[in-house]
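A short reminder: the numbers here are calculations on the coordinates, not readings from a lab. Note that this is a predicted model, so its numbers are computed, not measured. Here Cβ is always computed from backbone atoms with ideal geometry, including for glycine, and neighbour counts include all displayed protein chains.
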Amino acid sequence: MLSVDLHCHSFYSDGALSIPELIALAAERSVSVLALTDHDSVAGVAEAQALAQQANIQLIPAVEISSVWQAQSIHIVGLGIDINDPLLKQRLQQQANARGVRAQAIAERLTALAKPGSLEAVLLLADGDLNRVSRNHFAQWLLAEGHIRNLQAAFDKYLGKGKPADVPMPWPTMEDAINWIKEAKGVAVLAHPGRYPLSRTKMRSLIQCFKEAGGQAMEVATTTEKPDMIRYLGVLSQQFGLEASQGSDFHGPHMPWLKLGIVPKLPEICTPVWQRWVS
Ligand code: AMP
Ligand code: MN
Ligand code: MN
Ligand code: MN
């Protein structure tokens, strides 16, 4: 049986594992097709490809781009991209720079909220690279310091939209993110459509806009969704003529509910997006 996980993170974004650790874990879990989808970064892909080949894993070069649709932050996965595409590299560098600027601003806000010292701590978590820093790193620090009881509470109380340490980001529109991916010869996949704070009607409208903007696939079987939602997303993928993807969104031991290679079954009616690369 083919084991397919097309969504996971390394320490090149907000994951905890290095590339050798990630590929070793994928091999241990018998993953046969893997996509490394770090947020706004392809820095780990070349190393992952080399190690995956040795481990007999097919690695699909990928990225998870942060974008905005109707004031909502939306993630677009790009599968099968050319990681050496100069324009894509330049665009991802801009995203990374914006992360660095935001990290400093978030740390200043937390200091003003009587929670000093976060910048040094998140830098350690992000392997010393300010431009890799994610809100997830701040959430981990808030948890470790005992300011909150779980990662979700960090977003609910401090880092989420409109909360005191929220710093708005200049992310591209969803339409632009789709074009960036397609211009780098990749397939644009709407990430975890069920996880945004949207009503069912609004979620349908998101998927419709995604399709109209040239999006090609959507995630259907994602670890955090209940069976009912996965069935519904499967139906929507068919209705909108989108291929279907699946993935764990694995980040590491700090998010133990997301396990590398452990993915719900894709509904039979779906057209698997990985058929493009796997025969
Ligand atoms: P960023 O890309 O820096 O805005 O950070 C967002 C990341 O934080 C996501 O990719 C998730 O890994 C993590 N996260 C965990 N819980 C939440 C939440 N409730 N809202 C947003 N992001 C979350
Ligand atoms: Mn993440
Ligand atoms: Mn995401
Ligand atoms: Mn992700």
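Need one number: nm distance between label points at R149 and Q208, each 7 Å from Cα along Cα→Cβ, rounded to one decimal.
Each label point lies 7 Å from its Cα, and together they span 4.1 nm.
About the Cα centre of the chain, how large is the charge dipole given +1 on each Lys and Arg Cβ and -1 on each Asp and Glu Cβ? Please answer in debye to the nearest 20.
For this selection, approximately 740 debye.
Where Lys and Arg each count +1 and Asp and Glu each count -1, what net charge lies around L110 among other residues with Cβ under 14 Å from its Cβ?
+2
Helix-only mean residue ellipticity at 222 nm, the chain, DSSP H runs n ≥ 4 weighted -39,500 (n - 2.57), per residue, nearest 500. What is it?
So the calculated ellipticity at 222 nm is -11500 deg cm²/dmol.
Identify the residues of region 63-107 with backbone N under 20 Å of a label point that sits 7 angstrom from the Cα of F240 along the Cα-to-Cβ direction, or state none.
Backbone N within reach: 63-80.
Any idea what the alpha-carbon Rg over 2.2 N^0.38 Å comes to for region 1-105?
1.10
Just check region 104-175 against the gyration tensor rule for me: Cα atoms, a ≥ b ≥ c as the square roots of the eigenvalues, rounded for a/c under 1.5, and otherwise prolate or oblate depending on whether a/b exceeds b/c.
Oblate, because a/c is 1.5 or more while a/b does not exceed b/c.
How would you classify region 81-232 from its alpha-carbon gyration tensor, with a ≥ b ≥ c the square roots of the eigenvalues: rounded for a/c under 1.5, else prolate if a/b is greater than b/c, otherwise oblate?
Oblate.
Sort out for me the Cα centre separation of region 124-191 from region 12-45, rounded to whole Å.
18
Residue-wise, which Karplus ³J(HN,Hα) couplings in Hz belong to region 233-249, taking 6.51 cos²θ - 1.76 cosθ + 1.60, θ = phi - 60°, and x for glycine or proline?
5, x, 5, 4, 4, 5, 4, 8, x, 10, 5, 10, 10, 8, x, 8, 6
Quick check: the angle from helix 174-183's long axis to the longest principal axis of the chain, C-alpha only, nearest 10 degrees?
60
Which net charge results when you count Lys and Arg as +1 and Asp and Glu as -1 among the other residues whose beta-carbon is under 12 Å from that of L59?
Charge balance in the 12 Å sphere: -2.
Using Cβ contacts closer than 10 Å as the measure, can you line up V77, V42, V235, V68 from fewest to most?
Least crowded to most crowded, the residues run V235, V68, V42, V77.
How far, in degrees from 0 to 90, does helix 135-144 lean away from the longest principal axis of the Cα atoms of the chain, to the nearest 10?
In the chain, helix 135-144 runs at an angle near 60 degrees to the longest axis.
Once you put a point 7 Å from the Cα of I262 and another 7 Å from the Cα of M169, both along the Cβ direction, what distance in nm separates them?
Going from the I262 label point to the M169 one covers 2.7 nm.
Rank-order 116-127, 137-148 by packing density, defined as the average count of other C-beta atoms within 10 Å over each peptide's residues, highest first.
In descending order of packing, they fall as 137-148, 116-127.
Would you mind checking the tilt of helix 200-212 against the longest principal axis of the Cα atoms of the chain, expressed as 0 to 90 degrees and rounded to 10?
Helix 200-212 sits at roughly 70 degrees to that axis.
Would you mind computing, in nm to one decimal, how far apart the modelled labels at D228 and N56 are, each placed 7 Å from Cα along Cα→Cβ?
4.2
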